[in-house]
């Protein structure tokens, strides 16, 4: 009947039409081209009176993964009316599809997400392959379903279930979809089309009442006033608590569903569109959609680099303990055998204990079978000598953060390794080019900076030293990807990217504490701004010993703006043997509650220790605290971009979000600067010019402001 670039429409001898999605791209998406071809297909189906039923299917491994986000970003930057009109047209299109006078069945073979699942909901019935997954991920982008999802889902699967799916953005497996009424049958993949066609015939033959199904979707939700009040009142508390005040989309979705629950389809659709368009023009949506696109860009760049080398088949780690054990666990859990070397049996025992503990947690949560845990642990080969290291493709040095010790260990290992293997250091601050000095093959050496805890933190900084070869960098990128991490390539400097940008932030916090601002207030303000923890708490979690060592490295590298003129609160506490969480006392005290969970509590001892090292207490408003901490951090990030330490704003933003938990809803530093405006940021920085180098505006930023340019 019709064959386009994204779908084909055919009809069999029984009058059963099939709309089969088969994009020329790798996956099916609801982009403008696909929507245009759906419209052409609907025109034909409306005109052909011989059609008795319709099957919607996919020739790809997924059904439809959702809308094309790149197209959405263009609409999000245009006039609101243009977006409103565009979404309204899709609503009308989907309504026409739903109103076709014969039964329709969607055969969902893989992912049916966002707009893909919304399309499937226009059918009276949905049959899923057992490997399929369904859901509405839109709230993770700061928006809500905009193609009728908030309207049809509550009428198909009930308000409670629809609210949970839509407001959490979760994916659900086919079996859960069946249990909740989102789909009507689940079958093995190989039997999907047969089962779906059988359902079409059953509806044609009157065995299934497809017309009443369609009528239910077009009518108000089947709840009386009291049921509706109870459902939405209880949901509001849960959704609000889970989403928090910085993510408006979940509550907007709930309000839309509550508002249009009493309406018929057309009026309900208008409510959804209004909520969708309003959210689309918020900074949060702009940031989260941008973050999604940044993630794709960073991932593509890493995969492209990694594709130029053979995958890593065997790895090694030098230094056990918590970090080495974490790296060994991550490697073994992803099926890459790893050799773990330490100079002391106690270190090896600690590394194996760390790996075993992490595997045990997966077993206890039902995510791994005991026999698989046992097999995975055998992939870690602990040793007190280097025997076997010659077989490793990549070896990660993770010994104590001391350049003299690191250089000795690296040179010792290099002499035994294969000449083609890549050696790298997990140092967090020491320059890679310095560590390469004693090596015979510096071209086979680079940095591979993991973040702690290794199994949780998604970022790996891959650091190119002055002699690092493209092949070595690509090999480490490949290894990081095989570990399930997101590697970002940065050029060499003290602290690399994340720590170099983090320390002006921590230094500014310590400066405020010196001036008499309560560190508890600073933490509270920055957590309210969106950070997972404030700067004092963060230093406790990292370890005050680690922070003090790193701060000295950074002060030596960048003395004009990172060397304090006073003894910081962190240094005072470290001098009193308060190390943070690792010995249960730092800025805060850490004690276990009745359930054994560690809680931070204020500690009067800290005030006594800081007496004489900080000025008299002062009050400072929240906005000034944010500016004092964030301006130096932002300026340091721009320096890194100017110097080529990181190549793009996208990589800069992703690194900070994945490495230290920069607020996702703000999209990263560069996105945040775009949202508040470069000119406005410059004005804020100039207010603190008398505070010196950390607040000094860069010429590049002044030029951006003058030319009205943005990072994105």
For residue 712, all conditions in the list (1) closer than 30 Å to residue 295 by Cβ; (2) surrounded by fewer than 21 Cβ atoms within 10 Å (Cβ to Cβ); (3) over 20 Å from the mean Cα position of the chain (by Cα) hold save one; what is the number of the exception?
(3)
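Yes/no matrix, rows are residues, columns are (1) at negative phi; (2) over 21 Å from the mean Cα position of the chain (by Cα); (3) modelled with pLDDT of 95 or more:
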{"position": "68", "(1), (2), (3)": "yes, no, no"}
{"position": "87", "(1), (2), (3)": "yes, yes, yes"}
{"position": "94", "(1), (2), (3)": "yes, yes, yes"}
{"position": "109", "(1), (2), (3)": "yes, yes, yes"}
{"position": "112", "(1), (2), (3)": "yes, no, yes"}
{"position": "130", "(1), (2), (3)": "yes, yes, yes"}
{"position": "139", "(1), (2), (3)": "yes, no, yes"}
Within segment 305-320, tally of residues that are assigned to a helix (DSSP H, G or I) and crowded, with 21+ Cβ neighbours inside 10 Å
1
Is it fair to say residue 271 is buried (at least 18 other Cβ atoms within 10 Å of the Cβ) and either at pLDDT 95 or above or in a helix (DSSP H, G or I) (or both)?
yes
Just one listed residue, out of 604, 589, 599, is free of Cβ contacts under 8 Å to residues at least 24 places away in the same chain, loosely packed, with under 15 Cβ neighbours inside 10 Å and touching a strand residue (DSSP E or B) at 6+ places or on another chain (Cβ under 7 Å), and it is 599
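Could you pull out the residue among 685, 647, 655 that is in a helix (DSSP H, G or I) and farther than 27 Å from residue 243 by Cα? It would help to see each step written out before you state the result.
Details: 647 fails: in a helix (DSSP H, G or I); 655 fails: farther than 27 Å from residue 243 by Cα.
From the options 685, 647, 655, the qualifying one is 685.
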Pick from segment 558-580 the residues that are part of a helix (DSSP H, G or I) and under 32 Å from the mean Cα position of the chain (by Cα): which of them is surrounded by the most Cβ atoms within 10 Å (Cβ to Cβ)?
570
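Every residue, every condition in (1) under 21 Å from residue 392 (Cα atoms); (2) touching a strand residue (DSSP E or B) at 6+ places or on another chain (Cβ under 6 Å), yes or no:
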site	(1), (2)
483	yes, no
489	no, yes
494	no, no
499	no, no
507	no, no
Hits in segment 175-195 - residues which are within 17 Å of residue 61 (Cα to Cα) and surrounded by 21 or more Cβ atoms within 10 Å (Cβ to Cβ):
186, 192
List the helices (runs of 4 or more DSSP H) inside segment 170-254, counting only whole elements, that have at least 2 residues being farther than 30 Å from residue 18 by Cβ.
225-243
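From 261, 350, 302, which residue is surrounded by fewer than 24 Cβ atoms within 10 Å (Cβ to Cβ), in contact with a helix residue (DSSP H, G or I) (Cβ under 7 Å, 6 or more places away or on another chain) and assigned by TED's automatic domain parsing to the domain that holds residue 93?
Working: 350 fails: assigned by TED's automatic domain parsing to the domain that holds residue 93; 302 fails: assigned by TED's automatic domain parsing to the domain that holds residue 93.
Criteria check complete, one pass: 261.
Here's the yes/no breakdown for (1) touching a helix residue (DSSP H, G or I) at 6+ places or on another chain (Cβ under 6 Å); (2) in the same structural domain as residue 327 (by TED's automatic domain parsing); (3) outside any helix (DSSP H, G or I); (4) more than 29 Å from residue 297 (Cβ to Cβ):
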{"site": "514", "(1), (2), (3), (4)": "no, no, no, yes"}
{"site": "517", "(1), (2), (3), (4)": "no, no, yes, yes"}
{"site": "521", "(1), (2), (3), (4)": "no, no, no, yes"}
{"site": "525", "(1), (2), (3), (4)": "yes, no, no, yes"}
{"site": "533", "(1), (2), (3), (4)": "no, no, yes, no"}
{"site": "537", "(1), (2), (3), (4)": "yes, no, no, yes"}
{"site": "541", "(1), (2), (3), (4)": "yes, no, no, yes"}
{"site": "546", "(1), (2), (3), (4)": "no, no, no, yes"}
{"site": "556", "(1), (2), (3), (4)": "no, no, no, yes"}
Have a look at 160, 184 and point out the one that is farther than 30 Å from residue 292 by Cα and in the same structural domain as residue 255 (by TED's automatic domain parsing).
184
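The values are calculated or read from the model by the stated rules, or taken from the named source; none is laboratory data. As the structure is a computational prediction, the values presented were derived from the model and not from experiment. FYI the Cβ positions are ideal-geometry reconstructions off the backbone, even for glycines, and counts take in every protein chain you see.
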